[in-house]
1. Right, residue 314: in the same structural domain as residue 205 (by TED's automatic domain parsing), of a type in the set (Ser, Thr, Tyr) and either farther than 19 Å from residue 149 by Cβ or away from the ligand (no atom under 14 Å from the Cβ) (or both) or not?
2. Is there a residue in the stretch 34-55 that is surrounded by fewer than 23 Cβ atoms within 10 Å (Cβ to Cβ), touching a helix residue (DSSP H, G or I) at 6+ places or on another chain (Cβ under 8 Å), farther than 23 Å from residue 126 by Cα and among the aromatic types (Phe, Trp, Tyr)?
3. Please go through the stretch 20-43 and pick out each residue that is touching a Leu at 6+ places or on another chain (Cβ under 6 Å) and within 15 Å of the ligand (Cβ to nearest atom).
4. For the stretch 44-69, give me the residue count where each residue is within 12 Å of the ligand (Cβ to nearest atom) and not in a loop (DSSP other than H, G, I, E, B).
5. Can you spot a residue in the stretch 166-183 that is closer than 19 Å to residue 40 by Cβ, in contact with a helix residue (DSSP H, G or I) (Cβ under 8 Å, 6 or more places away or on another chain) and touching a residue at least 40 places away in the same chain (Cβ under 8 Å)?
6. Would you check which residues across the stretch 148-181 are more than 21 Å from the chain's Cα centre (by Cα) and surrounded by 22 or more Cβ atoms within 10 Å (Cβ to Cβ) and list them?
7. I'm trying to understand the selection: among the residues of the stretch 59-78, which are more than 23 Å from residue 151 (Cβ to Cβ) and either free of Cβ contacts under 8 Å to residues at least 60 places away in the same chain or crowded, with 22+ Cβ neighbours inside 10 Å (or both)?
8. Condition first: surrounded by fewer than 16 Cβ atoms within 10 Å (Cβ to Cβ), polar (S, T, N, Q) and part of a strand (DSSP E or B). Now tell me which residues in the stretch 79-110 satisfy that.
Amino acid sequence: MSQNWVLTVGKKDLADAAIEAAASLEPAPGQAVVSVDRVGLTANNVTYGLLGKAFRYWDFFPAPSPDRGIVPVWGFGDVVASTTEGVAVGQRLYGYYPMAGQLLVTPGRVDGSGFRDIAEHRSALPSPYNAYALTTSDPSYSLEDEDLHVLYRPLFFTSFMLGDQLVDQDFWGAESLAFSSASSKTSYGAAFLLRASGRHVVGLTSSGNVEFTRSLGVYDDVYEYGDLDALPKVPTAHLDVAGSSDVRAALRASLGDALVRESIVGVAHQEKASVGTLGDPRTVVFFAPDQMRKRTADWGRAGLDQRFAEAWRSFAPFARDQVEVVVSSGPEALREVWLEVLANKTPPRVGNVIQL
Ligand SMILES: NC(=O)c1ccc[n+]([C@@H]2O[C@H](COP(=O)([O-])OP(=O)(O)OC[C@H]3O[C@@H](n4cnc5c(N)ncnc54)[C@H](OP(=O)(O)O)[C@@H]3O)[C@@H](O)[C@H]2O)c1
């Protein structure tokens, strides 16, 4: 088993990132150890840190000391030790991992598609984050697209559920759908799916990202944040991925009553306290697992997986053409990429994958 380590950050200072040596993990009966192999880093992971306390993201992978946290990442890991029937050394699993060399899991609901980590400290946390999917039976997995999977899967799942909620709610009556942080993977994944919706799909972005956002070809129009006065005064839903109070205020001033819905999806601009004008009946918080629960009840788990796999198959070739995957190696590279993404120094075209 390889040497273990964890990358911890200061809960109050996410730029205070340190690699700490950790004991190699051994499974007790009914457990397994997964070696974390290949993970991605995007603004989404920074949001896990920013909202670590409020949304309990710190609780998935407790850090050695209470003032420090381990930021979750998505990716692939390999089972390196197991005392659980149905979980075998060599199995490759997609899921939610710590920034660490290894993860100890207590597999429950083991079946042909993988398992859930039923460890006590994760039991009250949202269940989609506790699922580990075997690559061998995942309908949206392919070896050649592993890096796309690492980078986009959690984000495109949100894009898919967000687009689905819009359709489900008849777009809240909006004729225009305006995405802030339109250059983000979460936004342009949703815009990709909504091209055929019959709605006007608009991207809002920072001046430096206008050209990239236009080049995606998924938005009917792209505006920079300084030009929101020019937005057409038609019923508009704001899919707020930036989480910026300035952008929200500018949209309210520009659109007035034509702003029919403000759905808070993310906080890419790192305004931690920015959860919108809650109390305004137009404002809702979007949390992908909520819509997922609704559709699991409507379609069944297999029906949801099938629909997602179809959407993914249509999106993957597009994503392959948009993203420049940059692969780096080892824990120290993970630390450097974390600091780069945290400082918003990663160009939107770059997708960071780290081989650990
Ligand atoms: N609600 C949910 O269930 C859910 C699920 C998945 C993701 N999300 C959220 O969606 C957001 C986007 O995540 P992503 O991984 O798709 O992002 P990404 O692809 O890494 O997006 C990068 C873009 O985010 C903006 N950005 C990032 N850091 C910034 C900073 N420090 N200052 C200003 N702008 C910054 C910039 O866009 P612009 O210049 O265009 O503003 C940048 O081009 C995150 O907040 C994430 O947590 C929510």
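The values are calculated or read from the model by the stated rules, or taken from the named source; none is laboratory data. Predicted, not measured: the structure shown is a model, and the values here were computed from it. So basically every Cβ, Gly included, is an ideal-geometry build from the backbone, and we count neighbours across all protein chains shown.
1. Considered against the rule, which asks whether it is in the same structural domain as residue 205 (by TED's automatic domain parsing), of a type in the set (Ser, Thr, Tyr) and either farther than 19 Å from residue 149 by Cβ or away from the ligand (no atom under 14 Å from the Cβ) (or both), residue 314 comes out as no.
2. So far as the stretch 34-55 goes, no, none of its residues is surrounded by fewer than 23 Cβ atoms within 10 Å (Cβ to Cβ), touching a helix residue (DSSP H, G or I) at 6+ places or on another chain (Cβ under 8 Å), farther than 23 Å from residue 126 by Cα and among the aromatic types (Phe, Trp, Tyr).
3. 40
4. Number of matching residues: 8.
5. From the stretch 166-183, those closer than 19 Å to residue 40 by Cβ are 181, 183; that's our starting set.
This time we only want the ones that are in contact with a helix residue (DSSP H, G or I) (Cβ under 8 Å, 6 or more places away or on another chain), so: 181, 183.
Still in the running and touching a residue at least 40 places away in the same chain (Cβ under 8 Å): 181, 183.
Yes; the residues of the stretch 166-183 include at least one that is closer than 19 Å to residue 40 by Cβ, in contact with a helix residue (DSSP H, G or I) (Cβ under 8 Å, 6 or more places away or on another chain) and touching a residue at least 40 places away in the same chain (Cβ under 8 Å).
6. 174, 176
7. Correct list: 62, 63, 64, 65, 66, 67.
8. none
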